[in-house]
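Notes for the one structure printed next.
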């Protein structure tokens, strides 16, 4: 099951459990009023009150279990999200380092008096005006007759850009958490509420 689906299911179950607790507490309050309004009310309604308390306790336990599972799912989701963000940052840093190596190579080529494409010169100029000026000055001093002409170092820049979607990746990551019992038809809550209402 995907983390996002599990989160939706467990949040939905949590809403149901809160509603059930509210209804059971209202039933208990109503029953307590009936018990005090009638002589021997404890004897007459005692069994119903005990069943109702058991139902409230079961619902509270299921609510606490639900919260534990939700906490675990949120931790898993956060770990996947943070992993994707870290991968994105790593890729950006790697790309920056590769560009820096290319810029230094362009500066070296220019300072040797070689010919580089205007786009590469522009990238060097954008990176550092001082480095560009120094390379151009050294290149004019090193004017050689056998100047080499280079292709752009950024020709492969048209490569497909990677898409990063930390939220989507976290939502679609797999988890070993099963659907809540109320979603699979094995829920005790409806039976407990039914017994308490009887």
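The values are calculated or read from the model by the stated rules, or taken from the named source; none is laboratory data. Here the structure is a predicted model, which is why all the values come from computation and not from measurement. For neighbour counting, all protein chains shown are included, and Cβ atoms are generated from backbone atoms with ideal geometry for every residue, glycine included.
Observations
- Residues located in the stretch 153-193, provided they are within 14 Å of residue 62 (Cβ to Cβ) and at pLDDT below 80: 181, 182, 183, 184, 186, 187, 188, 189, 190, 191, 192, 193
- Which listed residue, of 151, 165, 114, 146, is loosely packed, with under 14 Cβ neighbours inside 10 Å and either in contact with a strand residue (DSSP E or B) (Cβ under 8 Å, 6 or more places away or on another chain) or free of Cβ contacts under 8 Å to residues at least 12 places away in the same chain (or both): 146
- Check on residue 91, under 30 Å from residue 132 (Cβ atoms), touching a helix residue (DSSP H, G or I) at 6+ places or on another chain (Cβ under 8 Å) and at pLDDT below 95: no
- Taking each residue of the stretch 24-37 that is part of a helix (DSSP H, G or I) and looking for partners that are surrounded by fewer than 17 Cβ atoms within 10 Å (Cβ to Cβ) and at pLDDT 90 or above with beta-carbon atoms closer than 8 Å, six or more apart or interchain, yields 28/53.
- Filter result (outside any helix (DSSP H, G or I), under 15 Å from residue 155 (Cβ atoms) and within 44 Å of the chain's Cα centre (by Cα)) within the stretch 94-143: 117
- Test result for residue 196, modelled with pLDDT under 85, in contact with a helix residue (DSSP H, G or I) (Cβ under 6 Å, 6 or more places away or on another chain), surrounded by 11 or more Cβ atoms within 10 Å (Cβ to Cβ) and assigned to a helix (DSSP H, G or I): yes
- Residue list for the stretch 1-23, filter: over 30 Å from residue 166 (Cα atoms), crowded, with 17+ Cβ neighbours inside 10 Å and in contact (Cβ under 8 Å) with a residue 60 or more places away in the chain: 17, 20
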